[in-house]
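Working notes for the structure below.
The values are calculated or read from the model by the stated rules, or taken from the named source; none is laboratory data. What you see is a predicted model; the values in this text were computed from it and never measured. When we count neighbours, we look across all protein chains shown, and the Cβ atoms used for this are built from the backbone with ideal geometry, even at glycine.
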Amino acid sequence: MIKRYTDHSANERTYLAWIRTSVAIMAFGFLIEKFDIFISYIGKAVGDEKHFKPSLSAELAGLSLFLVGVLIIVTATIRFFMYKKSIESEEFIPYSVKKTNLSLSALMIFIAVFLIVYLVHQII
């Protein structure tokens, strides 16, 4: 049996949750970018490129969401190995809120607020 198996399992579940979240964020960014390309294609096909022009904000949103997803994967991987090392260590390490946890949470909140503002701006 692996020593401290439950702790290692919890660490891995947390890591996989961050990976799933980042893949979803990257897929959403890819979807936004592809939809913008689709709109541009429709404009060319219809012959009305003026009303169906691609949006710079959509391109930036798609690219930034994709980059945020990559950043989350890198940060979650570093966090996973840091906690793995801490779990295997025999010394007492007090638990504290890490800056990476706060940064990832703040990044997720920022993405949510950005998308809400973006969608409201597109509707109005």
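Restrict the check to region 105-116 and report whether at least one residue is modelled with pLDDT of 75 or more and either closer than 23 Å to HIS8 by Cα or in contact with a Cys (Cβ under 6 Å, 6 or more places away or on another chain) (or both).
If we filter region 105-116 for residues that are modelled with pLDDT of 75 or more, which is where we start, we get 105-116.
Restricting the remaining residues to those that are either closer than 23 Å to HIS8 by Cα or in contact with a Cys (Cβ under 6 Å, 6 or more places away or on another chain) (or both) gives 105.
Yes; the residues of region 105-116 include at least one that is modelled with pLDDT of 75 or more and either closer than 23 Å to HIS8 by Cα or in contact with a Cys (Cβ under 6 Å, 6 or more places away or on another chain) (or both).
Might you let me know whether region 1-17 holds any residue that is under 20 Å from the mean Cα position of the chain (by Cα), buried (at least 16 other Cβ atoms within 10 Å of the Cβ) and at pLDDT 80 or above? Walk me through how you get there before you give the answer.
The first filter runs over region 1-17 and keeps only residues under 20 Å from the mean Cα position of the chain (by Cα), leaving 11-17.
Narrowing further to those that are buried (at least 16 other Cβ atoms within 10 Å of the Cβ): 11, 15.
So of that shortlist, the ones also at pLDDT 80 or above come out as 11, 15.
There is at least one residue in region 1-17 that is under 20 Å from the mean Cα position of the chain (by Cα), buried (at least 16 other Cβ atoms within 10 Å of the Cβ) and at pLDDT 80 or above.
Within region 73-104, take every residue that is aromatic (Phe, Trp, Tyr) and in a loop (DSSP other than H, G, I, E, B) and give me the one that is nearest to ALA10 (Cα to Cα). Spell out the reasoning first.
Start the filter on region 73-104 by keeping residues that are aromatic (Phe, Trp, Tyr), which leaves 80-81, 83, 92, 95.
Still in the running and in a loop (DSSP other than H, G, I, E, B): 92, 95.
Values: PHE92: 18, TYR95: 15 Å.
Restricting to residues being aromatic (Phe, Trp, Tyr) and in a loop (DSSP other than H, G, I, E, B), the top hit is TYR95.
Tell me, yes or no, whether region 59-71 has at least one residue that is within 26 Å of LEU104 (Cα to Cα), modelled with pLDDT of 70 or more and hydroxyl-bearing (Ser, Thr, Tyr). Write out each step before concluding.
Quick first cut of region 59-71, residues within 26 Å of LEU104 (Cα to Cα) only: 59-71.
From the residues that got through so far, the ones that are modelled with pLDDT of 70 or more too are 59-71.
Next, from what is left, pick out any that are hydroxyl-bearing (Ser, Thr, Tyr): 64.
Yes, region 59-71 contains at least one residue that is within 26 Å of LEU104 (Cα to Cα), modelled with pLDDT of 70 or more and hydroxyl-bearing (Ser, Thr, Tyr).
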message: So TYR95 ticks every box in (1) over 20 Å from the mean Cα position of the chain (by Cα); (2) surrounded by 10 or more Cβ atoms within 10 Å (Cβ to Cβ) but one. Which box is left unticked?
response: (2)
task: Could you tell me which residue of region 66-87 is farthest from the chain's Cα centre (by Cα), considering only residues that are over 9 Å from SER22 (Cα atoms) and aliphatic (A, V, I, L, M)?
output: ILE87
